[in-house]
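Below: the structure, in structure tokens.
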């Protein structure tokens, strides 16, 4: 397995390399110090996951992530010294899978990397029902995909799993903690922003107006309810 670390500080890249070599020997760590090198390595080497620093010279990590998402769905964990909630939300909205603040504990970083890879590799739970329909939306459980107006939606694995759990519990409120545990894992129980951002991304792809929802209704201070077909 290959991990690309994008950071302009060689010591950080080397520290990550040493940490993984000690605990996860089958991992190869690649390094890049700027946007051009990072994007080139992703295209040429197809790493399994990218650890992306925000504070880079020239083009920052957000710019790299924005361009990266134009051609790749490789999992991305943002690494940053800025512990700012708005930075976290911005990264998630641009397509990051997780967010780790420097200085980080190597065991925690590895746990986060494993969790992200697990979410991407593990299919959503099987369902006996062949599909779910609500208006122009169809969720095909067998194929693990969703279609709107007959057109396949381009959902990430995390977005699909979130939609899956919402529609399988249509008509019922799923609390933030329940969604975090089911979709991200119990180690993410305090990351309420993750649910909010991914629900917003789902709504954008479904063309769902939160003020007049057809599909996903916000239950303030509780969670979300997928509306039953009318």
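The values are calculated or read from the model by the stated rules, or taken from the named source; none is laboratory data. Owing to the predicted nature of the structure, the values given are computational and were not obtained by experimental measurement. Using ideal geometry, Cβ is built from the backbone for each residue, glycine included, and neighbour counts are taken over all protein chains shown.
The table below gives the values:
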item	result
Hits in region 54-69 (condition: over 16 Å from residue 9 (Cβ atoms) and exposed (fewer than 14 other Cβ atoms within 10 Å of the Cβ))	66
Test for residue 182: is it touching a helix residue (DSSP H, G or I) at 6+ places or on another chain (Cβ under 9 Å), at pLDDT below 95 and not in a loop (DSSP other than H, G, I, E, B)	yes
Residue identified as touching a helix residue (DSSP H, G or I) at 6+ places or on another chain (Cβ under 8 Å), crowded, with 21+ Cβ neighbours inside 10 Å and without any contact (Cβ under 8 Å) to a residue 60 or more places away in the chain among 27, 50	50
Subset of region 11-37 [within 23 Å of the chain's Cα centre (by Cα), assigned to a loop (DSSP other than H, G, I, E, B) and under 24 Å from residue 120 (Cβ atoms)]	24, 27
Residue 6 over 15 Å from residue 107 (Cα atoms), surrounded by 15 or more Cβ atoms within 10 Å (Cβ to Cβ) and without any contact (Cβ under 8 Å) to a residue 40 or more places away in the chain	no
Residue 102 in contact with a helix residue (DSSP H, G or I) (Cβ under 7 Å, 6 or more places away or on another chain), under 21 Å from residue 35 (Cα atoms) and either surrounded by fewer than 17 Cβ atoms within 10 Å (Cβ to Cβ) or in the same structural domain as residue 27 (by TED's automatic domain parsing) (or both)	no
Selected residue (only one of 63, 73, 8, 40 is part of a loop (DSSP other than H, G, I, E, B) and over 17 Å from residue 98 (Cβ atoms))	8
Among the candidates 116, 167, residue that is assigned to a helix (DSSP H, G or I), touching a strand residue (DSSP E or B) at 6+ places or on another chain (Cβ under 6 Å), farther than 30 Å from residue 1 by Cα and touching a residue at least 12 places away in the same chain (Cβ under 8 Å)	167
Residue match in region 138-153 (condition: within 19 Å of residue 95 (Cβ to Cβ), in a helix (DSSP H, G or I) and not assigned by TED's automatic domain parsing to the domain that holds residue 111)	no
Cβ-Cβ under 7 Å pairs, at least 6 apart or on other chains, region 147-160 side touching a residue at least 60 places away in the same chain (Cβ under 8 Å), far side in a strand (DSSP E or B) and crowded, with 18+ Cβ neighbours inside 10 Å	none
